[in-house]
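Q: Mind looking over this structure? Questions follow.
The values are calculated or read from the model by the stated rules, or taken from the named source; none is laboratory data. Source: prediction; values computed, not measured. Reconstructed Cβ throughout: ideal geometry from the backbone, glycine too, with neighbour counts over all protein chains shown. Side chains included, ligands, DNA and RNA excluded: accessible areas come from the protein's heavy atoms. Shrake-Rupley method; radii C 1.70, N 1.55, O 1.52, S 1.80 Å.
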Amino acid sequence: MSVAISSTVNICFMHESFELLRKSFLTTQIPSVKERTDGLKRLRKNIIICQQELLDAFTQDFKKSSFEVDASEILICLREINNTLKNLKYWTQDKKVNTDILLFGTSNYIRVEPKGVVLIISPWNYPFLLALLPLISAYSAGNKIIVKPSEYSPAVSLVIQKIISLSFKTNEVICILGGADTGNELVSMPFNHIFFTGSKKVAAKILNSAAKNLTSVTLELGGKSPAIIDDDFSLKLAVERIAHAKILNAGQTCIAPDFVLIHHSKLTEFVRLWKEKLTEWFGSNMTDHPDYCGIIHQNHFSRMLQMVDKSISEGALLSEELEFNTKNLKIKPALLLNSKFSHESMKEEIFGPILPIITYENIETEIPFLQAMDRPLSLYIFSHRKLFIDNLLNRLRSGGVTLNNCLINFCEISLPFGGDHQSGTGFTHGYFGFMEFIHQRAVSKQGFLPSTLKLFYPPYTFLKSKLLRILIKYFS
Ligand code: NAD
């Protein structure tokens, strides 16, 4: 099911919405901290009012369990709102800066201002969280906002639209439903900022459109996040933590471990512990288990199976027969042993419950292969040896890093979350997300004392030249 909206009405509606918000931004005062905190409190209240509706929508869209929705979507949004409410007064304050000696007699500060009218485009994999987190940041920064959630999670998108219309005035935030065409039309408009979460392919198109208006962009993308296990690390812990990060949302998580690098002597034990852990958590029939989520749609499901087939034809081996259910689109997480960097499974972000395993004799020989790949969103290193960790941190780039676990660099609200080069640009979360929607406007004020710039007025006399030389000498 996709959100059906007549394209002509939709195009008019998009332009009218943009104009309404632009007018509202230009003709009203920047909202006070009180107005913004009131809006955030209404949003918090309406999320709770619509919680059951949201849970039902998630079941409809991709059979996601209520526990996972509560934990990985609703809880994180509420925590983001509360953190913002606690800090907003401080974040929005003007910041005084020290005055340069050359500008004696002036005072200088930074005004923390909203960018203006901003666009948020979000994906389907955490459809609520990834629309709401940037919305909370953009709203608390004082912007006027259009949100376009994904067409592939239509039931959740409808609830997002409802929560937004219950929480905000139409001259503050508007939610527009639609697919790629809608997104494409929206990004052609002269927004003051675009915040996009999604694939690299679409990000490239968005950069192109944004360039025409010189619009600034935040890109939250994905990538192939490696999990590298040193032979000194407890395999039991590593397997448990990697398996959890991979079963969450059935691997359809931008920071899911995409592949594992492990010393060849540990492979058999890794496979045994992996099977044991999945059975402990889900019993013997995982593809019917209500706590395990399905793949979002048939195309993505087929892509996953084709990728496994192609990798097997290239020499990879499944650790056990692939279990899947074509009715509810669930695939049991599977290990692709004997994987090589050249295999199909290593070409693109997997974004599903398949985990290629590459074995190494010496990690040094694998580093050039990792360096040749696009920079991932996360890097996971399981080791207690400082030298091993520092060597990898110094030589491999990534958006963020978690040591001895997975996902934590995303979960910690005080850390900036974002990619590096191909995995994205800019940040989300807490203060860093807020700053993404802020223009730091430099304000200088000349006081009553005569301006020191007078020294630089013409005519350029001998005395002024002499003084300038003294200054240059002083600074050199
Ligand atoms: P996608 O790029 O296909 O779609 C994302 C959004 O872009 C959707 O709302 C879609 O309608 C819209 N869109 C599509 N074409 C467009 C166009 N031409 N112009 C403007 N908008 C357009 O991504 P997806 O399949 O929904 O999500 C999966 C991707 O998102 C994965 O690569 C994943 O790693 C990434 N992701 C990143 C993060 C992060 O925080 N970094 C989080 C979740 C997902």
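Q: Provide the net charge surrounding H384, with neighbours chosen by a C-beta distance below 13 Å and charges set as Lys +1, Arg +1, Asp -1, Glu -1.
A: Around H384, the surrounding residues sum to -2.
Q: Something else about it: Accessible area of the chain with a 1.4 Å probe: how many percent of it is carbon plus sulfur?
A: On the chain, the fraction of accessible area on carbon and sulfur atoms equals 58 percent.
Q: Moving on to the next point. Between N362 and A180, with labels modelled 7 Å along Cα→Cβ, what's the label distance in nm to one decimal, could you check?
A: 4.7
Q: Once the Cβ-Cβ distance between S414 and Q440 is put in as r, and R0 is 22 Å, what FRET efficiency do you end up with, to the nearest 0.05? Before the final figure, lay out the partial values.
A: Details: r = 20 Å, r/R0 = 0.93.
Result of the calculation: an efficiency of 0.60.
Q: So, R0 is 41 Å and r is the distance between the beta-carbons of L471 and L214; what FRET efficiency does that work out to, to 0.05?
A: Here the calculated transfer efficiency is 0.70.
Q: Run the quick spin-label model on L75 and K23: label points 7 Å from Cα toward the beta carbon, then report their separation in nm to one decimal.
A: About 4.5 nm, to one decimal.
Q: Order 371-383, 118-130 from most to least packed using the mean count of other Cβ atoms within 10 Å.
A: Averaged packing, sorted descending, gives the order 118-130, 371-383.
Q: Starting from the Cα-Cα distance between K95 and F13, subtract it from 0.36 nm times their residue separation and give me the gain in nm to one decimal. Could you put the intermediate results ahead of the total?
A: Numbers: separation 82, 0.36 × 82 = 29.52 nm, distance 3.89 nm.
Extra length available between K95 and F13 comes to 25.6 nm.
Q: How would you classify the chain from its alpha-carbon gyration tensor, with a ≥ b ≥ c the square roots of the eigenvalues: rounded for a/c under 1.5, else prolate if a/b is greater than b/c, otherwise oblate?
A: oblate
Q: Using amide H atoms built 1.01 Å from N in the peptide plane, name the residues 5+ places from L336, or on other chains, whose amide H lies under 5 Å from its own.
A: L355, I357
Q: Another question, then. With a ≥ b ≥ c taken as the square roots of the eigenvalues of the C-alpha gyration tensor of the range 322-476, please select rounded if a/c is under 1.5 and otherwise prolate if a/b is larger than b/c or oblate if it is not? Numbers along the way, then the final one.
A: Working: a/c = 3.71, a/b = 2.45, b/c = 1.52.
Because a/c hits 1.5 or more and a/b exceeds b/c, the range 322-476 counts as prolate.
Q: A further question on this structure: What does the helix-only formula give at 222 nm for the chain: each DSSP H stretch with n ≥ 4 adding -39500 (n - 2.57), the total divided by the residues, and the result rounded to the nearest 500 deg cm²/dmol?
A: That calculation yields -14000 deg cm²/dmol at 222 nm.
Q: Give me the accessible area per residue for the range 421-476, probe 1.4 Å, as a whole number in Å².
A: On the way: 4410 Å² over 56 residues.
Dividing the accessible area of the range 421-476 by its residue count gives 79 Å².
Q: Roughly speaking, what is the stretch gain from E320 to D291, that is 0.36 nm per residue apart minus the C-alpha to C-alpha distance, in nm to one decimal?
A: Full extension of this stretch gives 8.3 nm more.
Q: Another question, if that's okay. Given a Förster distance of 30 angstrom, what is the FRET efficiency for N299 paired with T268, based on the Cβ-Cβ distance and rounded to 0.05?
A: Between N299 and T268 the formula returns 0.25.
Q: Evaluate the relative contact order of the chain (contact order divided by residue number), counting alpha-carbon pairs under 8 angstrom at least 6 apart; express in whole percent. Write down the numbers at each step before the final one.
A: Details: 877 pairs, mean separation 88.7, N = 476.
Relative contact order of the chain: 19 percent.
Q: Which residues does a label at N82 reach in the range 123-145, if reach means a backbone N under 18 Å from a point 7 Å past the Cα toward the Cβ?
A: 129, 133, 136-137
Q: For the range 194-254, what is the accessible area per residue in Å² when the probe is 1.4 Å?
A: Computed with neighbouring chains in place, this is 35 Å² per residue.
Q: Kindly report the accessible area of the range 1-140 per residue (heavy atoms of protein chains, probe 1.4 Å, no ligands, DNA or RNA), in Å².
A: Spelled out: the 1.4 Å probe surface of the range 1-140, per residue, equals 49 Å².
Q: Based on the mean of other beta carbon atoms within 10 Å per residue, what is the order of 350-356, 175-181, 322-328, most packed first?
A: 350-356, 175-181, 322-328
Q: How much length, in nm to one decimal, is gained on full extension between N108 and K454, taken as 0.36 nm per residue of separation minus their Cα-Cα distance?
A: 122.7 nm
Q: Between beta-carbons, use under 11 Å as the cut-off and find the net charge around G418, counting Lys and Arg +1, Asp and Glu -1. Write out the running numbers ahead of the final one.
A: Values: positive: none; negative: E220, D420, E436.
Net local charge, G418 excluded: -3.
Q: With everything on Cα atoms, drop me the angle between helix 154-167 and the longest principal axis of the chain, reported from 0 to 90° to the nearest 10.
A: Taking the Cα atoms of the chain, the angle to 154-167 is about 30 degrees.
Q: Another question, if that's okay. Any chance you could give the angle, 0 to 90 degrees and rounded to 10, that helix 363-372 forms with the longest Cα principal axis of the chain?
A: 60
Q: Next question. Let's see if you can work this out: charge +1 on each Lys and Arg Cβ, -1 on each Asp and Glu Cβ, no other charges. What is the dipole magnitude of the chain about its Cα centre, in debye to the nearest 20?
A: For this selection, approximately 2520 debye.
Q: How many lysine pairs does the range 272-355 hold where the Cα atoms are under 19 Å apart and the two sit 8 or more places apart or on different chains? All intermediate terms of the calculation are to be shown ahead of the outcome.
A: Numbers: K275/K330; K275/K332; K277/K330; K277/K332; K310/K332; K310/K340; K310/K347.
For the range 272-355, qualifying lysine pairs total 7.
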